[in-house]
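Take a look at the structure set out below.
The values are calculated or read from the model by the stated rules, or taken from the named source; none is laboratory data. Worth saying up front: this structure is predicted, and the values here are computed from it rather than measured. Cβ placement follows ideal geometry from the backbone for every residue including glycine, while neighbour counts extend to all protein chains displayed. For the accessible areas, the whole protein counts, side chains as well, though only heavy atoms, and no ligand, DNA or RNA atoms are used. Shrake-Rupley method; radii C 1.70, N 1.55, O 1.52, S 1.80 Å.
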Amino acid sequence: MGLLQDKLAKYDLPQQYMAMGVYPYFRTIDSHQDTEVLMDGKKVLMFGSNAYTGLTYDKRIIEAAKAATDKYGTGCAGSRLLNGTLDIHVELEKELAEFVGKDDALCFSTGFTVNEGVIPQLTGRNDYIICDDRVHASIVDGRRLSFSTQLKYKHNDMADLEKELQKCEPDAIKLIVVDSVFSMEGDLANLPEIVRLKKKYNASIMVDEAHGLGVFGKQGRGVCDHFGVTDDIDLIMGTFSKSLASIGGFVAGDASVINWLRHNARSYIFQASNTPAATAAAREALHIIMNEPERQQRLWDITNYALKKFRDAGFEIGETESPIIPLYVRDAEKTFIVTKMAFDEGIFINPVIPPACAPQDTLVRVALMATHTKEQVDYAVEKLTKCFRELGVIE
């Protein structure tokens, strides 16, 4: 073995939990994603998906993807800069910009590469990037690619954010980057207060709406719309892999900023453009979300129902205000064990351990879709209550 293999061989966490029979990752699904899936021939209730709108198997979206494949083929074989720009890419960008209330937008092949490509192009060596300490890994990786000074503030602590802003040179760019909905805990960024501090310290704001679009705001326009602060947000980023039932991402903002990114964001210029099928699917999903407000209402009806059921059952669920419901375990081994116990009861949930959370904050993540039923939620609460009690996590 070489040095690389020797070093990586010491990473034994997967082997440890595999030996215990509770390793919970890379589980194979044998069917389409819905509230119920097939795994090894067994029906399992899916409470681990980010498909909040429940559109991943919508026939209209499937047909749109098929039609785009028939017309354009399976791929573009090039980047957007060169031969990879299709008319449907441009049309989707226009529709997304209008949807989130901005001048223009750029579509990327994944949501992760939006943050990875955009963030390092917005500031220079003498500037600052300031992030909540629980932002998504894509934001972390994006800021790591920047030469700017990196600052972090305690989660949703506005007094701490102000302290970090006070450290910055007044004439430097101060870019605050934050998730609108925190993907593990389900709580919302305090955007009204962040906007107030932006104005006080002449800062700029980029908001990651990955878990906000389709869920919050008028017609699912996101948390920025929900709080009425869209005009004060400089850049809004979103993904297609959640409410838009596809794969890809976008960033929207002022025309001049988007034009700069179009010619400088490396993960846009040097990455093959999104497939025709994925682009058409996201566009059709956007149309459905805009034209079917009852879908968003169903999501909130089942979310509010589930939140009450879990609270009444004695679970610790933190400050969530969204379809993401964290069930705190606060022990890594028990988090894996309860995930396996839930699966044995026919429930798919996701374990969250470091580095996705602090060591003392391990949890299992339950996520709701507009297509979940009250009966499915009742079953999940009943079985998860049983599992948590057996492990002594709740009384």
Matching option when the condition is within 28 Å of residue 316 (Cα to Cα), in the same structural domain as residue 96 (by the TED database) and surrounded by fewer than 17 Cβ atoms within 10 Å (Cβ to Cβ), among 157, 141: 157
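Go through segment 360-384 and report how many residues are farther than 17 Å from residue 44 by Cα and part of a helix (DSSP H, G or I). Spell out the reasoning first.
Residues of segment 360-384 that are farther than 17 Å from residue 44 by Cα, as a first pass: 360-363, 370.
Pick out the ones that are also part of a helix (DSSP H, G or I) and you get 360-361.
Total satisfying the criteria: 2.
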Of all residues in segment 196-214 being touching a residue at least 40 places away in the same chain (Cβ under 8 Å) and assigned to a strand (DSSP E or B), the one that is farthest from the chain's Cα centre (by Cα): 204
Subset of segment 31-48 (residues that are out of contact with any Leu (no Cβ under 9 Å at 6 or more places or on another chain) and among the small types (Gly, Ala, Ser)): 41, 48
Where a residue in segment 341-356 is without any contact (Cβ under 8 Å) to a residue 12 or more places away in the chain and its partner, wherever it lies, is in a strand (DSSP E or B), with Cβ under 7 Å and at least six apart: none
Pairs, first over 18 Å from residue 226 (Cβ atoms) in segment 163-187, second among the acidic types (Asp, Glu), C-beta under 6 Å, six or more apart: 172/127; 173/127
Filtered residue count, segment 284-308, keeping only those that are in contact with a Phe, Trp or Tyr (Cβ under 9 Å, 6 or more places away or on another chain) and more than 17 Å from residue 51 (Cβ to Cβ): 1
Tally, over segment 21-59, of residues that are touching an Asp or Glu at 6+ places or on another chain (Cβ under 8 Å), touching a residue at least 24 places away in the same chain (Cβ under 8 Å) and open to solvent by 60 Å² or more (accessible area, probe 1.4 Å): 2
One residue from 174, 167 being basic (Lys, Arg) and either at positive phi or open to solvent by 10 Å² or more (accessible area, probe 1.4 Å) (or both): 167
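Restricting attention to segment 269-279, which residues are closer than 18 Å to residue 97 by Cβ and open to solvent by 60 Å² or more (accessible area, probe 1.4 Å)? Spell out the reasoning first.
We begin by selecting, within segment 269-279, every residue closer than 18 Å to residue 97 by Cβ; these are 273-274, 279.
Within segment 269-279, no residue meets the criteria.
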Residue match in segment 18-33 (condition: out of contact with any Phe, Trp or Tyr (no Cβ under 9 Å at 6 or more places or on another chain) and in a helix (DSSP H, G or I)): yes
Any chance residue 41 is farther than 21 Å from residue 214 by Cβ and not acidic (Asp, Glu): yes
Positions within segment 339-359 being in contact with a strand residue (DSSP E or B) (Cβ under 6 Å, 6 or more places away or on another chain) and in a helix (DSSP H, G or I), in sequence order: 339
Meets criteria (of a type outside the set (A, V, I, L, M), within 30 Å of residue 156 (Cα to Cα), in the same structural domain as residue 282 (by the TED database) and surrounded by 22 or more Cβ atoms within 10 Å (Cβ to Cβ)) for residue 117: yes
Residue 282 under 21 Å from the mean Cα position of the chain (by Cα) and open to solvent by less than 10 Å² (accessible area, probe 1.4 Å): yes
Residue within segment 289-296 that is of a type in the set (A, V, I, L, M, F, W, C) and surrounded by 20 or more Cβ atoms within 10 Å (Cβ to Cβ) present: yes
Positions within segment 351-383 being open to solvent by 50 Å² or more (accessible area, probe 1.4 Å) and within 17 Å of the chain's Cα centre (by Cα), in sequence order: 355, 356
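Report yes if some residue within segment 229-251 is in a helix (DSSP H, G or I), among the hydrophobic types (A, V, I, L, M, F, W, C) and in contact (Cβ under 8 Å) with a residue 24 or more places away in the chain; otherwise report no.
Here is the first cut: in segment 229-251, the ones in a helix (DSSP H, G or I) are 230-232.
Pick out the ones that are also among the hydrophobic types (A, V, I, L, M, F, W, C) and you get none.
For segment 229-251, residues in a helix (DSSP H, G or I), among the hydrophobic types (A, V, I, L, M, F, W, C) and in contact (Cβ under 8 Å) with a residue 24 or more places away in the chain: absent.
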